[in-house]
1. Considering only DSSP beta bridges where both residues belong to the chain, give the percentage that are antiparallel (nearest 5).
2. For the chain, set up a GNM with springs between Cα atoms under 10 Å and report which of 50, 243, 298 has the largest fluctuation.
3. Give the accessible area for residue 411 in Å² (nearest 10); use a 1.4 Å probe, count only protein heavy atoms, and leave out ligands, DNA and RNA.
4. In Å², and per residue, what accessible area does the chain have when probed at 1.4 Å with the other protein chains present?
5. Output needed: percent of Cα pairs per 10 Å distance bin for the chain, bins running from 0 to the one holding the longest distance.
6. If the reach is capped at under 19 angstrom between alpha carbons, list the lysines near residue 49, excluding any in the same chain fewer than eight residues apart.
7. Which Cys in the chain stand alone, with every other cysteine's Cβ at 4.7 Å or more from theirs?
8. Using a 1.4 Å probe on the protein chains only, how many percent of the accessible area of the chain belongs to carbon and sulfur?
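The values are calculated or read from the model by the stated rules, or taken from the named source; none is laboratory data. Worth saying up front: this structure is predicted, and the values here are computed from it rather than measured. A quick note on method: Cβ atoms are made from the backbone with ideal geometry, for glycine too, and the neighbour counts reach across all protein chains shown. Heads up: the accessible areas ignore ligands, DNA and RNA and are worked out on the full protein's heavy atoms, side chains in. Shrake-Rupley method; radii C 1.70, N 1.55, O 1.52, S 1.80 Å.
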Amino acid sequence: MADAPIFSNHGCRLNAYETAAMTELAEAAGVTNAVVVNTCAVTSQAVAKARQDIRKLRRAHPDATLIVTGCAAQTDPGSFSAMPEVDRVIGNTEKMAPETWADLAPDLIGQTEAVQVDDIMSVRETAGHLIDGFGTRSRAYVQVQNGCDHRCTFCIIPFGRGNSRSVPAGVVVDQIKRLVDRGFQEVVLTGVDLTSWGADLPAAPRLGDLVLRILKLVPDLPRLRISSIDSIEVDAALMQAIATEPRLMPHLHLSLQHGDDLILKRMKRRHLRDDALRFVEEARRLRPDMTFGADIIAGFPTETEAAFDNSLALVEEADLTWLHVFPYSPRPGTPAARMPAVPGPAIKARAARLRAAGDQAVARHLAAQVGRAHDVLMENPRMGRTAQFAEVRFDTDRPVGQIVPATIRAVQDGQLVA
Ligand code: SF4
């Protein structure tokens with residue numbers, strides 16, 4: 001019996017969704033004896049990790065067809081096709097096309113090009129592949145948008161993902177109904193620049209309209225979560241959903257990137273420090289149990305100690321809990337890569353200080369949950385997550401994939417204990 005393809009996923013939730021879709025496409029096409037690495041290009045470390053993974057997988061599977069795709073392959077296909085371990089390099093659009101996988105079936109693969117990577121900027125549609133499941137996960141990620149029209153000076157993503165394009169609301173609702181029918185209790189809306197959802201659709205609906213429509217048309221969906229948003233682009237309908245829809249999770253991850261206005265301008269971000277503070281204040285007024293996560297870059301070119309202190313202070317001022325800290329990593333071809341760099345040791349030290357502030361914020365949040373009741377979505381027999389995304393550990397088994405009630409008794413090793 002020929003081996004089913006092996007998938008190795010790197011990077012963001014959108015990549016995770018696409019890996020689930022590729023798994024189904026490859027299976028349907030009868031692809032066998034293949035290893036597929038879905039790469040990320042957000043930092044130079046991510047690209048280095050992909051290469052490492054490719055070498056490791058080649059050693060483990062010497063006879064398999066090794067296929068590389070994802071943003072690192074899309075932005076720099078030549079550097080992967082030059083690797084002796086690699087047989088095929090496939091672009092981000094091609095990886096979602098059934099015909100790509102049909103051509104990779106055992107009897108056809110010999111006739112395919114080694115590099116199949118088209119101009120991502122010419123893509124206008126999102127691939128409408130509906131997935132059936134998500135491996136063993138208890139929550140399912142659903143792509144609603146792809147690409148980005150912004151050009152933040154540090155970011156390579158638009159060159160890997162193309163311009164912004166939306167999945168029509170009807171397709172999103174069908175996808176979510178399908179996942180709920182298969183027992184998923186939580187769905188996470190994912191994309192590259194979620195708040196631009198709808199701008200390319202007739203009547204230009206907004207993300208909030210989509211959220212309200214999903215909750216109306218899929219009444220059996222217990223939990224809807226939004227992955228990452230640009231707070232300055234949040235629309236009125238989304239604020240209404242935050243205020244009135246208990247099934248919309250009180251947890252928003254903000255793409256803040258920095259807390260200093262001059263640096264935000266040099267990043268070409270659309271918000272300033274006070275805009276971010278105003279947004280979290282208003283969202284909390286509407287939904288007092290709201291918890292925020294945020295992406296923050298440490299050591300962006302020209303960042304002074306004083307500018308960094310403005311970022312650090314934002315963690316407490318905005319009461320951010322789940323921090324994703326990125327030490328600045330120059331991306332080839334981006335404007336920031338040509339700006340005067342902050343010395344490496346300073347970048348490292350600042351990232352460590354931000355992470356420490358993040359750990360303290362998590363400790364504050366967890367301590368405040370002791371004695372409270374929470375509904376927890378079980379991810380494995382002994383661990384699940386609250387609506388605010390905190391991990392909860394149980395001493396006895398609970399049904400995986402189900403939402404169970406819990407009263408928090410203590411905090412241990414960075415987890416709540418029920
Ligand atoms: S909004 Fe900026 S950071 Fe986000 S994907 Fe687009 S260019 Fe990159």
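1. Close to 30 percent.
2. 243
3. Ignoring ligands and nucleic acids, residue 411 comes out at about 60 Å².
4. On a per-residue basis, the chain sits at 42 Å².
5. Pair shares across the bins are 4, 20, 30, 28, 15, 2, 0.
6. Qualifying lysines at Cα under 19 Å: 348.
7. When partners are defined as cysteine Cβ atoms under 4.7 Å apart, the chain leaves 12, 40, 71, 148 without one.
8. After summing per-atom areas, the C and S share lands at 54 percent.
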